[in-house]
Each structure stands twice: as C-alpha cells, then as structure tokens.
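The values are calculated or read from the model by the stated rules, or taken from the named source; none is laboratory data. Just so it is clear, the model here is predicted, and its values are computed rather than measured. Ideal geometry is used to build each Cβ from the backbone, glycine not excepted, and the neighbour counts take in all protein chains shown. Surface areas here come from the heavy atoms of the whole protein model, side chains and all, with no ligands, DNA or RNA. Shrake-Rupley method; radii C 1.70, N 1.55, O 1.52, S 1.80 Å.
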Amino acid sequence: MKELKSSVLSRNRIQSNNNKMIIRSKAPLRLGLAGGGSDVSPYSDIYGGIIMNATINLYAYCTIEERDDNRITIESYDGDCMESYPLSIELEIDGRASLLKGSYNRVMRVFNLPLRACKITTYNDAPAGSGLGTSSTMVVAILKAFVEWHSLPLGDYEIARLAYEIERKDLQLSGGKQDQYAAAFGGFNYMEFLEDDMVIVNPLKVKRWIINELEASIVLYFTGRSRSSAAIIDEQKKNTSSGNNKSIEAMHRIKQSAIDMKLAVLKGDMKAFARILGQGWEDKKKMAGAITNPIIEEAFDVAIKAGALSGKVSGAGGGGFIIFFVEPTKKMMVIEALEKLGGFTKHFNFTDGGANGWKIYETDCVETLKH
C-alpha cells in the first residue's frame, strides 16, 4: 500500500513539474430526421421551428498539445490548413481553418485566457459538405477541448450557443441552429427554436429495440458529391423574408413532420417513419431550387427500384449523404444497387452521448508505449 501511495505521489509530482498536457475531444455528427430548415432565421423567429434529429458514431475530433516554442501551430485536416503562427490572442481569419481560428479568437477574447503555446489538430470522420453537420460539430469539439483545458464553466447549452454565435455572427456563415445543439447534447433530440435565438432541447428516451430496428432499416449513402449549404440556405431565407407562400407552406409542413416523427420514433411505428421521411423530402425540395439535382434523383430512382421505401437528403440538400429507409431483408440489395453509382454506403450506429473531452499527459503516453 505504501509503495502504491508513493508511486501515485511521484506521478503527481511529475505531472505538476512542467509536464506538457494533451487535451482531446470529440463530438458526434447527426442525422436530420425531420424538420430540417425550420431552425433557420427568419423562419424560426417568425413561426418557431421544430427539428427531430439523432447523433451517430461518426465524430469531429480536436487535440490541443501544450508546447514551449511560443507558437500556435494548426493542423486542420478538415480546414486544409497546416501552419504555424506567432503566439497571439487573435489569429487572422483568412479563409483557411476559419472554424478553428474563429473558435480560438472568441474563447481567448471572452474568457481572457492566458497565452499558451500549443498545437491544435482537427479532423472529421465525414467529408465537409456531407450534410451531417460537420462544420458546427467541429466548432463544438474545439470548444469542448478548450473547456477541458481551461476548466471553463460551460454546460451543453452554453457550448452550443457559443458555437452558434461563432459560426453565424463572428464568421458570418449561413446556417441554422440544430447542429451545434445535437453535437453538444447527443442522442435522439426533439428541438424547439424560438425567437431571439432561444433553443429548447428535449432529449428522447427511445427503447433499444426501436433503435435496433432503425439501424437495421436505414441505409446511409454518400452521393460522392460534397456541397456548400450556404447558397441553398440563403435562397431559403430569401423565400421566407419575401413571403413566398409556396416555400412558407412547405416549411410549415416540414415543421409538422418533426412533431409526427417524434411520435413515430417513440412508438416504433416504422411505416409512419418511412412515410414521414419521404413526405419531408418532397416538401424540402420546394424550399429552394438547388436542393436536388440529377445525381440525387438518380440515387433515389435506383434505391426505390431496389426496394427502398423512402428517403431524404440529410442536411440542406444539394449533395452529401442520403438517408434511405428500407425493409431490413432488402437492405443488402439496396446497398449493392447504390454502390454501382460511384458513391458509397456508410455503416453507423446511433449514439447517446454528446461532446466529450479528456486530458492526458506526455508521461502517460510514454509509459503506455513502454508497456
């Protein structure tokens, strides 16, 4: 017992004597099941938005490594930036790794953090423009790493709200609010979006057999085409602001689909799930011209002929991942048919937890390698 206590005390001394800390974090990507787009202003401010989504086991990752070279080094694989900068409280936003730099600038400014040399590395399990919320999820992962590093007093709501403000206000990037909250909270969530950027997250307790059935019934297909959601979202915002009745009525139905989807998921009503998913896609296409294209339509034709019951594009549209709902015994037929188109299918599982952060020390890494 004395030897064990001595070993623990010795290890604590090592960690406190200039031993460099490594902070890691990850945040889950999400599937938009229903209501997508109703979280975007001005619609959510005027009418109120509702979204149903669920996180999956694909993640955005961030690592912060303490250094002693008076530099801030960035390796942003998702932002195509591998640079080193002089130690500063603000990094120039120059179009490269903007999410990382914007997050760093906001946190340093708001919390008045001490300058520390570090290396920040980020990467994603899914490509940018995938429709799984990669950008917002990355901001949440970066913030979670800073929360862990500096013991910042931020809960899930505060992290999500801060991530939203960094993207939409600091960086002026078009988009909604659901992705930040999905990444922070994780799991199946029914979200309400009100005026003045108020968000209410209602976590849903979904029975395990229902989750199993959904996993068995969903094919996640990447079209091979990434897209920027900004132009689509800007057109959607314009249609709402100008009072385009066709688009607004379609969005009202999309919002209602989230209410219906919540009930279908909680009851395990798979027929209703398939119907709501498909109808939501038909309404979504009325929101902006670029939401669908020949590549997406071909994928739908192929999947339906192979046995899919319905589907929708995850996210704003225009490309990225498509969610197809199939009868499980026909799942492999749909997968084989889709993969002949040049894209790929992605296996996934739903997850419970949201963003997570943790610390390790260089000594821990070295000792692990030795043993």
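Quick rundown of the values:
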quantity	calculated
The range 94-108: number of residues that are modelled with pLDDT of 95 or more and either open to solvent by 80 Å² or more (accessible area, probe 1.4 Å) or of a type outside the set (S, T, N, Q) (or both)	8
Qualifying positions in the range 307-319 - open to solvent by less than 10 Å² (accessible area, probe 1.4 Å) and over 15 Å from VAL219 (Cα atoms)	GLY317, GLY318, GLY319
Positions within the range 311-333 being among the β-branched types (Val, Ile, Thr) and either at pLDDT below 95 or closer than 26 Å to THR134 by Cα (or both), in sequence order	VAL313, ILE322, ILE323, VAL326
Test result for ASN19, touching a residue at least 24 places away in the same chain (Cβ under 8 Å) and under 20 Å from the mean Cα position of the chain (by Cα)	no
Failed condition for LEU263, given (1) open to solvent by 70 Å² or more (accessible area, probe 1.4 Å); (2) more than 19 Å from TYR190 (Cβ to Cβ)	(2)
Test: residue in the range 284-306 that is on the phi > 0 side of the Ramachandran plot and exposed (fewer than 14 other Cβ atoms within 10 Å of the Cβ)	no
Residue identified as open to solvent by 10 Å² or more (accessible area, probe 1.4 Å), within 13 Å of the chain's Cα centre (by Cα) and within 28 Å of GLY318 (Cα to Cα) among SER130, SER135	SER135
Test: GLU148 is open to solvent by 30 Å² or more (accessible area, probe 1.4 Å), touching a strand residue (DSSP E or B) at 6+ places or on another chain (Cβ under 8 Å) and assigned to a helix (DSSP H, G or I)	yes
Residues being at pLDDT 70 or above, of a type in the set (Gly, Ala, Ser) and either open to solvent by less than 60 Å² (accessible area, probe 1.4 Å) or in contact with a strand residue (DSSP E or B) (Cβ under 7 Å, 6 or more places away or on another chain) (or both) - total across the range 225-260	5
Residue that is surrounded by the most Cβ atoms within 10 Å (Cβ to Cβ), among those in the range 36-93 that are polar (S, T, N, Q) and over 29 Å from ALA264 (Cβ atoms)	SER76
